[in-house]
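The values are calculated or read from the model by the stated rules, or taken from the named source; none is laboratory data. Quick caveat: nothing in here was measured; it's all calculated off a predicted structure. Glycine gets a Cβ as well: all are built from the backbone with ideal geometry, and neighbour counts include every protein chain shown. Surface accessibility is based on the protein's heavy atoms, side chains included, excluding ligands, DNA and RNA. Shrake-Rupley method; radii C 1.70, N 1.55, O 1.52, S 1.80 Å.
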Amino acid sequence: QVQLVESGGELVQPGGSLRLSCAASGFAISSYIMNWYRQDPGKQRDVVARIFSPGNTVYADSVKGRFTISRDNTKNTVYLQMNSLKPEDTAVYYCHTIMAGTNYWGQGTQVTVSS
């Protein structure tokens, strides 16, 4: 059974840092593209960062240079290191993957950037 469980979201001041975690079970993250998405209320869910099986990564322009996606295959966990956080980074962050045409999502973790 595929499961994605996010953690690490909290209230942080502008300029601060957070690290989100996505613990996966039921499959090996090293074999699949893993994504972090985020969604503001009333807005569409947008991809923030992606890591491919070989380990290469891509980022949305809005987070490039500030966010880093990584994975620990031994823990079967994907991370999103977020630095220099801005109020516009406030959103629910979701872990995501696709297998055999089926989308799998975690429950999301709330990140709030505010003074």
- Message: Could you check the stretch 1-17 and list, in sequence order, the residues that are closer than 19 Å to SER84 by Cβ and either aliphatic (A, V, I, L, M) or free of Cβ contacts under 8 Å to residues at least 12 places away in the same chain (or both)?
- Response: LEU11, VAL12
- Query: Can you tell me which residues in the stretch 28-61 are under 20 Å from THR102 (Cβ atoms), open to solvent by 40 Å² or more (accessible area, probe 1.4 Å), within 14 Å of the chain's Cα centre (by Cα) and of a type in the set (A, V, I, L, M, F, W, C)?
  - Reply: ILE33, VAL47, PHE52
- Hits in the stretch 13-27 (condition: open to solvent by less than 40 Å² (accessible area, probe 1.4 Å), of a type in the set (Gly, Ala, Ser) and in a loop (DSSP other than H, G, I, E, B)): GLY16
- Query: Do you know which residues across the stretch 62-75 are surrounded by 15 or more Cβ atoms within 10 Å (Cβ to Cβ) and either over 15 Å from ILE33 (Cβ atoms) or at pLDDT below 95 (or both)?
  - Reply: VAL63, ARG66, PHE67, THR68
- Message: Where the second residue is at pLDDT below 95 and open to solvent by 50 Å² or more (accessible area, probe 1.4 Å) and the first is more than 28 Å from GLU88 (Cβ to Cβ) and lies in the stretch 18-41, which pairs have Cβ atoms under 9 Å and are six or more apart or on separate chains?
- Response: SER25/GLN1; GLY26/GLN1
